[in-house]
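Asks: Shown below is the structure under consideration.
The values are calculated or read from the model by the stated rules, or taken from the named source; none is laboratory data. Note that the coordinates shown come from a computational prediction; the quantities given were computed from them, not determined experimentally. Positions of Cβ are generated from backbone atoms using ideal geometry, with glycine treated the same way; all protein chains shown enter the neighbour counts.
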Amino acid sequence: MKILIKNKRHLNAAAKKLLKQSGENRIFAFYGSMGAGKTTIIKAICQTLGAIDIVSSPTFTLVNEYKTSSGESLYHIDFYRIRKQEEVFDFGIEEYLTGESYCFMEWPELIEEILPEETVKVRISVDNNEQRILSIA
């Protein structure tokens with residue numbers, strides 16, 4: 001499935017469509033080049049899920065936790081600064097991948113082999129008109 005985001009006004013609709021498409025799956029891996037919009041779409045998804053915290057890139061903290069208005073936790077993980085797979089076990093990646101909460105991951109290439117089978121894989125590409133195309137697998 002593909003979702004086209006023509007501009008920022010279409011982000012919320014795209015987030016709703018992505019969540020609907022994913023069904024009960026709560027683990028998401030976002031792939032794309034630097035500046036493709038991984039954090040931006042994750043922000044829109046978190047807002048759609050009712051996040052009351054400010055959603056920002058966890059590049060330096062590795063993991064951000066956001067609370068929703070109903071008290072649920074949403075996790076946002078950025079593996080950009082991780083150099084060895086062993087580092088993800090040091091901060092307890094298993095808990096995020098097997099828990100009940102939504103987990104949104106940027107730069108998941110390093111942990112590809114430990115992702116659960118049901119992980120929603122979202123590839124973000126940018127076309128010549130600066131539109132974002134989400135390819136979901």
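Asks: Having 1 or more residues that are basic (K, R) and at pLDDT 95 or above is the bar; report the strands (runs of 3 or more DSSP E) wholly within the stretch 58-137 that clear it. If you could, list the steps in order and put the result at the bottom.
Replies: Working: elements: 63-67, 73-78, 102-106, 120-126, 132-136.
Answer list for the stretch 58-137: 63-67, 120-126, 132-136.
Asks: Okay, next question. Among the candidates F89, F104, single out the residue that is under 19 Å from E65 (Cα atoms), surrounded by fewer than 16 Cβ atoms within 10 Å (Cβ to Cβ) and out of contact with any Lys or Arg (no Cβ under 6 Å at 6 or more places or on another chain).
Replies: Values: F104 fails: surrounded by fewer than 16 Cβ atoms within 10 Å (Cβ to Cβ).
None of the others qualify; the one that does is F89.
Asks: Going by what's in this entry, would L18 be described as at pLDDT below 90, in a helix (DSSP H, G or I) and not hydroxyl-bearing (S, T, Y)?
Replies: On the way: at pLDDT below 90: no; in a helix (DSSP H, G or I): yes; not hydroxyl-bearing (S, T, Y): yes.
Spelling it out, it is not the case that L18 is at pLDDT below 90, in a helix (DSSP H, G or I) and not hydroxyl-bearing (S, T, Y).
Asks: Test each condition in (1) surrounded by 20 or more Cβ atoms within 10 Å (Cβ to Cβ); (2) of a type in the set (S, T, Y); (3) without any contact (Cβ under 8 Å) to a residue 60 or more places away in the chain for T98 and report the one that comes out false.
Replies: Of the numbered conditions (1) surrounded by 20 or more Cβ atoms within 10 Å (Cβ to Cβ); (2) of a type in the set (S, T, Y); (3) without any contact (Cβ under 8 Å) to a residue 60 or more places away in the chain, the odd one out for T98 is (1).
Asks: Separate question: Identify the single condition in (1) in contact with a helix residue (DSSP H, G or I) (Cβ under 9 Å, 6 or more places away or on another chain); (2) in contact (Cβ under 8 Å) with a residue 40 or more places away in the chain that V55 does not satisfy, given that it satisfies every other one.
Replies: Of everything listed in (1) in contact with a helix residue (DSSP H, G or I) (Cβ under 9 Å, 6 or more places away or on another chain); (2) in contact (Cβ under 8 Å) with a residue 40 or more places away in the chain, V55 misses just condition (2).
Asks: Give the residue that is farthest from A137 (Cα to Cα), with candidates limited to residues of the stretch 11-48 that are among the small types (G, A, S) and buried (at least 17 other Cβ atoms within 10 Å of the Cβ). Let's see the steps before the verdict.
Replies: Going residue by residue through the stretch 11-48, those that are among the small types (G, A, S) are 13-15, 22-23, 29, 32-33, 35-37, 44.
Subset that is buried (at least 17 other Cβ atoms within 10 Å of the Cβ): 14-15, 22, 29, 32, 36-37, 44.
On the way: A14: 15, A15: 15, S22: 9, A29: 10, G32: 14, A36: 18, G37: 18, A44: 19 Å.
This residue is A44.
Asks: Name the single residue, out of those in the stretch 21-42 being assigned to a strand (DSSP E or B) and of a type outside the set (F, W, Y), that is nearest to R123 (Cα to Cα).
Replies: Here is the first cut: in the stretch 21-42, the residues assigned to a strand (DSSP E or B) are 27-31.
Of the ones still in play, those that are also of a type outside the set (F, W, Y) are 27, 29.
Details: I27: 14, A29: 8 Å.
So the residue we want is A29.
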